[in-house]
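The values are calculated or read from the model by the stated rules, or taken from the named source; none is laboratory data. Computed from a prediction, not measured in an experiment: that's the story for all the values here. Please note: Cβ atoms are built from the backbone with ideal geometry, for glycine as well, and neighbour counts cover all protein chains shown. In case anyone asks, the SASA skips ligands and DNA or RNA and just uses the protein heavy atoms, side chains included. Shrake-Rupley method; radii C 1.70, N 1.55, O 1.52, S 1.80 Å.
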Amino acid sequence: MLLADRFRSHADASAREQSPLYAEWSLGIAGDPDVLALIERAPEARRQPALVLAVSRWLGAPLAPWPRLREWMLAHPDALLAELARRTTQVNDVRRLGPVSLALARLEGPVALLEVGASAGLCLFPDRYAFRADLRGAGRDEQARWGAADSDVVVELDVDLGDSPPPHDEWPRRVVLPEIVWRAGLDLDPVDVTDPAALSWLETSLPPGPSERVDLLRRAVAIARGAPPRLVRGDAVDGLAALAATAPSDARLVVVSTGTLVYLPGRRRQAFVDAVRALGATWVSYERRDLLHDVVAEVPEGVAPGDGFAALALDGRALAVGDAHGTRVRLLPS
């Protein structure tokens, strides 16, 4: 995909995320040869629209209309490129745990949970969050709740049951998460939840717009600070086996990836899948739907394009399709 097209796509996603400023900025960059040429001087892996915009804000770009951002970027090329070279995309979106929790509920515990691309490790605590889902379709219109009922973090999810009910009428009306006895995360640049500067970067990585995401992030950080997760600096492929070897042998090893594998080159993605299978681990993924050969998910008729962006899969078998952030999912036939 051309860089301009990536920014146009990001503009569409930002509009859906109710961030009109990011939508305007992304469209402005997509149509500006000078700014595109500047960004193309950065390493390929550092040209993601979300990272470019977050770094610009971090360095002091004003939250102002596109002409002001353009002026700022062209006036600070060296600082922008230097910061892009040392930063990585950090999107610790706990909302993706909504669909992930549906997959985890199908597993017997105890579980040893290992997340790749863990960032600050906020997605390592599904058992300490509350989940609230609106269920519709298949003749049902009701609400379901699961997880830690008294948690300060509430993950909301819209579940479309499709045309026919799941095989078990109680699911997903009654979701029970397995016991998690061990948890650890792997990341190229892990974020320390006790470091204020690192957390400030996490907040800057969120698009400007409604404050609910910042509030959710802060609440999740507060829980993580109570028992900071074990985070290991390492590659999703090369570092996986060593970290997995430290998990308790009497627990089911579950490897989770959510929106992480898109940052790996194609061959490395398959190497990751092969590495998980070599471990004999259970794999829960919520990744872009067309990203992996091993996950085949057809988007049912009537599903909005944005709501078929990602696929929820358990050991490569697609369970649902959903939006990029995991707030809306459509269950697939078993």
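From the list Arg317, Arg289, which residue is open to solvent by 10 Å² or more (accessible area, probe 1.4 Å) and out of contact with any strand residue (DSSP E or B) (no Cβ under 6 Å at 6 or more places or on another chain)?
Arg317
If we keep just the residues of the stretch 246-283 that are aliphatic (A, V, I, L, M) and in contact with an Asp or Glu (Cβ under 8 Å, 6 or more places away or on another chain), which is nearest to Glu44 (Cα to Cα)?
The residue in question is Val262.
Look through the stretch 204-232, keep the residues that are charged (D, E, K, R) and either in contact with a strand residue (DSSP E or B) (Cβ under 9 Å, 6 or more places away or on another chain) or at pLDDT 90 or above (or both), and return whichever of them is least open to solvent (accessible area, probe 1.4 Å).
Of the stretch 204-232, the ones charged (D, E, K, R) are 212-213, 215, 218-219, 225, 230.
Next cut, either in contact with a strand residue (DSSP E or B) (Cβ under 9 Å, 6 or more places away or on another chain) or at pLDDT 90 or above (or both) only: 215, 218-219, 225, 230.
Working: Asp215: 72, Arg218: 133, Arg219: 99, Arg225: 112, Arg230: 108 Å².
Here the answer is Asp215.
Looking only at the stretch 1-27, how many residues end up being open to solvent by 10 Å² or more (accessible area, probe 1.4 Å) and touching a Pro at 6+ places or on another chain (Cβ under 7 Å)?
Residues in the stretch 1-27 being open to solvent by 10 Å² or more (accessible area, probe 1.4 Å) and touching a Pro at 6+ places or on another chain (Cβ under 7 Å): 6 in total.
To keep it simple, each residue is scored yes or no on (1) out of contact with any helix residue (DSSP H, G or I) (no Cβ under 8 Å at 6 or more places or on another chain); (2) of a type outside the set (A, V, I, L, M); (3) surrounded by 15 or more Cβ atoms within 10 Å (Cβ to Cβ).
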position	(1), (2), (3)
Ile29	no, no, yes
Leu38	no, no, yes
Arg46	no, yes, yes
Ser56	no, yes, yes
Ala61	no, no, yes
Leu74	no, no, no
Leu81	no, no, yes
Val94	no, no, yes
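Assuming Ala11 fulfils every condition listed in (1) outside any helix (DSSP H, G or I); (2) modelled with pLDDT of 90 or more apart from one, which condition is it?
If we test Ala11 against (1) outside any helix (DSSP H, G or I); (2) modelled with pLDDT of 90 or more, just (1) comes out false.
It is to be established whether one or more residues within the stretch 272-286 are among the small types (Gly, Ala, Ser), touching a Gly at 6+ places or on another chain (Cβ under 9 Å) and modelled with pLDDT of 90 or more.
yes
Rundown of residues vs (1) modelled with pLDDT of 95 or more; (2) part of a strand (DSSP E or B); (3) touching a His at 6+ places or on another chain (Cβ under 9 Å); (4) open to solvent by 50 Å² or more (accessible area, probe 1.4 Å), yes/no style:
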{"site": "Leu69", "(1), (2), (3), (4)": "yes, no, no, no"}
{"site": "Leu97", "(1), (2), (3), (4)": "yes, no, no, no"}
{"site": "Phe131", "(1), (2), (3), (4)": "yes, yes, no, no"}
{"site": "Asp134", "(1), (2), (3), (4)": "no, yes, no, yes"}
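Could you please find all residues in the stretch 284-313 being touching a helix residue (DSSP H, G or I) at 6+ places or on another chain (Cβ under 8 Å), assigned to a loop (DSSP other than H, G, I, E, B) and under 22 Å from Glu44 (Cα atoms)?
Within the stretch 284-313, Leu291, Leu292 meet the criteria.
Spot the failing condition for Thr89; the list is (1) touching a residue at least 60 places away in the same chain (Cβ under 8 Å); (2) open to solvent by less than 30 Å² (accessible area, probe 1.4 Å), and only one is missed.
Of everything listed in (1) touching a residue at least 60 places away in the same chain (Cβ under 8 Å); (2) open to solvent by less than 30 Å² (accessible area, probe 1.4 Å), Thr89 misses just condition (2).
Search the stretch 43-67 for residues being at pLDDT below 95 and either of a type in the set (S, T, N, Q) or over 24 Å from Pro20 (Cβ atoms) (or both), and hand back the single one that is nearest to the chain's Cα centre (by Cα).
Gln48
Note down all Cβ pairs under 9 Å where the first residue falls in the stretch 247-271 and is assigned to a loop (DSSP other than H, G, I, E, B), the second is among the polar types (S, T, N, Q), and they're at least six residues apart or on different chains.
Sorted first by the residue in the stretch 247-271, then by its partner, the pairs are Thr260/Ser285.
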